[in-house]
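The values are calculated or read from the model by the stated rules, or taken from the named source; none is laboratory data. Values in this document were obtained by computation on a predicted structure and should not be read as measured data. Heads up, the Cβs are rebuilt from the backbone with ideal geometry, glycines too, and the neighbour counts pull from every protein chain shown. Just so you know, the surface numbers come from the protein's heavy atoms only, side chains and all, with ligands and any DNA or RNA stripped out. Shrake-Rupley method; radii C 1.70, N 1.55, O 1.52, S 1.80 Å.
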Amino acid sequence: MAMHHRYEVPREAKLGEDVLLWTGPDEGLVKAGYRRDHEKVDPPYDWPDYRGTISRHPKRPLVPIPDTLTEITAPLLGEDRIGEIDNDLTVGLGGEPQGQKMILHGRVLDGNGRPLRGTLVEIWQANASGRYWHAWDSHPAPLDPHFEGVGRCLTDDEGRYRFITIKPGSYPWGNHFNAWRPAHIHISVFGRAFTQRLVTQMYFPGDPMFDHDPIFNSVREPEDRARLISAFDWEATTPEWALGYHFDIVLRGREATPFEEPPA
């Protein structure tokens, strides 16, 4: 890899099609650096081990619906709509929540590793005992009056997001005999229009229930499942206060994060 002119930039062959690229005088031809999307990264709509997909996946051919102005342009998200403590799930309810306090941070990146600024990131999760704050959760575990389990923030100029929260507990979910979900946090990423939304789940390293969870294993390739697991981050860990976990969200490409709904 070399430059022969002050306007040339270094080029390097990476993953991609067998397309030839001219890199400069006397350098010959190399393969272009196009990064193909990983088609099997997202879990399928129909996954028999996950019984809920029986009623969720389409059984008839999809009918395309033309986008209207609402779907293309709305809702509009202004920075003033995000509060100063919206990314801190441990404050605002009159007391300290129970459980291990943690910092979740990372970056939102495109398929070429470039950061995406101004992206709305939302999270929701169970509390430390494994119970969600909604009427449908009948798990006989205590609710925490100081923890709702929802938060949001915008990425900065480097695509970074950050949340302060509580490490969630595991919970039974009735999919099969003795079914328990690994501890996880749901993450939603919004684009610039109403229909541009991706949802994923982030897990914690070393969870003993990975092999027993149909949702985690509906992501078919081991290397893709590994991208759903956060990394313990000693640098983000704050003494006497909170553990740190790092989790990047990659929207496309070979290293894409698996999402619950494949992009259209």
Discussion item. When you scan region 200-212, do you find a residue that is within 17 Å of Tyr50 (Cα to Cα), touching a residue at least 60 places away in the same chain (Cβ under 8 Å) and in a strand (DSSP E or B), even just one?
Written reply: yes
Worksheet item: When region 106-121 is examined, which residues are found to be in a loop (DSSP other than H, G, I, E, B) and closer than 17 Å to Gln196 by Cα?
Response: Asp110, Gly111, Leu116, Arg117, Gly118, Thr119
Practice prompt. Scan Ala236, Ala256 and give me the residue that is open to solvent by less than 10 Å² (accessible area, probe 1.4 Å), part of a loop (DSSP other than H, G, I, E, B) and either aliphatic (A, V, I, L, M) or more than 30 Å from Pro64 (Cα to Cα) (or both).
Written response: Ala256
Worksheet item: Restricting the search to region 213-230, which residues are in contact with a Pro (Cβ under 7 Å, 6 or more places away or on another chain) and not in a loop (DSSP other than H, G, I, E, B)?
Response: Phe216, Asp224, Ile229
Worksheet, complete the sentence: Within region 225-264, the count of residues that are more than 24 Å from Thr90 (Cβ to Cβ), charged (D, E, K, R) and at pLDDT 95 or above comes to 2
Item to complete: Report yes if Asp211 is surrounded by 14 or more Cβ atoms within 10 Å (Cβ to Cβ) and acidic (Asp, Glu), otherwise no.
Response: no
Worksheet item: Of the numbered conditions (1) of a type outside the set (S, T, N, Q); (2) at pLDDT 60 or above; (3) open to solvent by less than 60 Å² (accessible area, probe 1.4 Å), Gly33 satisfies every one except a single condition; which is it?
Response: (2)
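Considering only region 212-222, I want to know if a residue exists there that is in contact with a strand residue (DSSP E or B) (Cβ under 9 Å, 6 or more places away or on another chain) and under 19 Å from His105 (Cβ atoms).
Within region 212-222 (the criterion being in contact with a strand residue (DSSP E or B) (Cβ under 9 Å, 6 or more places away or on another chain) and under 19 Å from His105 (Cβ atoms)), the answer is no, since none of the residues qualifies.
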Worksheet, complete the sentence: Within region 69-94, restricting to residues that are open to solvent by less than 70 Å² (accessible area, probe 1.4 Å) and among the hydroxyl-bearing types (Ser, Thr, Tyr), the one that is modelled with the lowest pLDDT is Thr73
Item to complete: Consider Asp248 carefully, then state whether it is open to solvent by 20 Å² or more (accessible area, probe 1.4 Å), within 20 Å of Gly130 (Cβ to Cβ) and in contact (Cβ under 8 Å) with a residue 24 or more places away in the chain.
Response: no
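Provide a single number: the residues in region 239-252 that are under 27 Å from Gly159 (Cα atoms) and in a loop (DSSP other than H, G, I, E, B). So that I can check it myself, show each step before the final result.
In the first step, residues of region 239-252 are kept if they are under 27 Å from Gly159 (Cα atoms); the result is 239, 241-252.
Retained after the next criterion (residues that are in a loop (DSSP other than H, G, I, E, B)): 239, 241, 247-248, 251-252.
Looking only at that region, the number is 6.
Scan Gly52, Gly111, Gly99 and give me the residue that is modelled with pLDDT of 80 or more, open to solvent by less than 80 Å² (accessible area, probe 1.4 Å), at negative phi and among the small types (Gly, Ala, Ser).
Gly111
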Practice prompt. For Arg227, indicate whether it is in contact with a helix residue (DSSP H, G or I) (Cβ under 9 Å, 6 or more places away or on another chain), free of Cβ contacts under 8 Å to residues at least 60 places away in the same chain, on the phi < 0 side of the Ramachandran plot and open to solvent by 30 Å² or more (accessible area, probe 1.4 Å).
Written response: no
